[in-house]
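Remarks on the structure that follows.
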Amino acid sequence: MASLRSNLLISTAAMVLVGLIRPGFNAFVTRAFGAEVNGRAATVVALLFLASLPATAALPTVMVRHVSRSLGEGAKDAARAFAALTYRFATGFAIFGAIGAGIYGHFALSRPLSVLEILVLGAGLFGYTYWRLGRILLLAIGKAFASLWADVASVLVMFLFLVTCWGLGWPTIAVAGVPLVYVAFSLFTAKVVWSEIRGGVVSPQMRTTFHRFHSLLFLGSTSSLAAREVALLLLEAQVDAAVLGELSLSLSLLLALALAPRIIEVPLVHELASLGGGAQIDRQRLLTEKGLHWLSVFSLAAGFGLAIVARPLLSIIGNVSSDVVVLSFSFLTLGFMLEMLMAPVMNFLVAEAPPSVMTVCGLASLSVAGVWWLTPWGRGVLGVMIGLAASFVVKALIAAYYARSRFGLHLLENPIEKVTVSLLGGGFMWMVQTERVPAWAGFLVFELLTVILFRRALRDIFRSVLRRPGPALTSP
């Protein structure tokens, strides 16, 4: 089985590419065809991700948890059977999701989807379902390079397709750009994945555990992941397509904050689950605490940095200058930063806590947003974005409380430095918003001070990445 270090390096390369998909697509389409076209594409993509949640919200995590635990215990047949079981259920969920999305898109939207858009939506949903499961499975079984090369090829296919649409003047066809990535990935990796999901047997007891874990994690994951797409669909009926396109572009830039958490998510859950199979709880705790500390360094620097340069950054990438969009992006960045900062804790809870914990996290976060959206203050761009930000914060706080009280995880290493960086970030945000300091100058000074304050943590991170892994970092 591959080491955590090698998985992290491969996952880093892959997620840099994956992170280009939505912001790259939104920026290109906005520049080439206008915000209205991007707003239309944003509606299709939001509906795609929302309809895919039954198949992708929890099943990928459940699969890697059970596959990795089985591999950690030396039960390769069980690992193969869990993967096959996951794909069967995901296919069924994707079929129902595609039917529901097509009906909703044609009859419920204020601007109904065309037949072409519905076909693109359906193909993209199946492709995205396969992509989510395939990438995780290949990493867990030590074939992450196959996934990496498929990611590279798929992203290139998308950009070549968009350039072709621009050259031929096909704005209505460009909506297929994002779904095309996932369809291309499925074609590139179909052979190797198919060879890994045939055969194997799981006992009725193990199957029951799998379904119970999935049902509970599904409620939490779906609720949590749905908030962003629900927010866009709510605004689809409240604002024009141009504003929706600007919001979609700004939200896609939040993927910069999700980059580091997504890089470590699958390798860490895989490693924690493998260690769980070997009952190495101390090693699990150590990995989680170190991952949390290192990730907080990146999250604080990236989160406050994005908020500081929100206005010029949105203007450069997508010609966005609307005050309400810029303001929404700034505070939404800070809420999302808190959730992403807690990613290692979430991964630990997925691997070791009862699945009901993640259910509570997800349901509570979406409930808070939903209650806010029902109030008079929850309408309009700013109102909807406040509810979305609140959902991020609630999820992070619940996870932190449970991890600390139940497992005794140490959540705040080097608190003085982190509080100082937070105060500096807030101060520079205020100075930039009140035009006391130019945005890029404030950004550079803040990042320099962050590097100085976190110099020891950064040194440890680079040393860990560059050195050869010892036995303690290698999975069983």
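The residues of region 153-167 that are without any contact (Cβ under 8 Å) to a residue 60 or more places away in the chain and surrounded by fewer than 18 Cβ atoms within 10 Å (Cβ to Cβ), listed by number, are ALA153, LEU156, LEU160, VAL163, THR164, GLY167. Could you please find all residues in region 95-107 being exposed (fewer than 12 other Cβ atoms within 10 Å of the Cβ) and at pLDDT below 90? The answer is PHE107, and nothing else.
Note on region 162-178: residues that are more than 24 Å from the chain's Cα centre (by Cα) and assigned to a helix (DSSP H, G or I) amount to 6.
Can you name the residue in region 361-373 that is touching a Gly at 6+ places or on another chain (Cβ under 7 Å) and open to solvent by 50 Å² or more (accessible area, probe 1.4 Å) and, of all such residues, is nearest to GLN284 (Cα to Cα)? Restricting to residues being touching a Gly at 6+ places or on another chain (Cβ under 7 Å) and open to solvent by 50 Å² or more (accessible area, probe 1.4 Å), the top hit is LEU363.
In the set VAL451, VAL421, VAL445, VAL394, only one residue is open to solvent by 50 Å² or more (accessible area, probe 1.4 Å), among the β-branched types (Val, Ile, Thr) and under 30 Å from ARG285 (Cβ atoms); that residue is VAL451. One residue alone among ILE136, ILE141 is touching a residue at least 60 places away in the same chain (Cβ under 8 Å), over 17 Å from VAL175 (Cβ atoms) and open to solvent by less than 40 Å² (accessible area, probe 1.4 Å), and that residue is ILE136.
The values are calculated or read from the model by the stated rules, or taken from the named source; none is laboratory data. Quantities reported herein were computed from a predicted structural model and do not represent experimental measurements. Glycine also receives a Cβ, built like all others from the backbone with ideal geometry; neighbour counts cover every protein chain displayed. The area values use the complete protein model at the heavy-atom level, side chains included, leaving out ligands, DNA and RNA. Shrake-Rupley method; radii C 1.70, N 1.55, O 1.52, S 1.80 Å.
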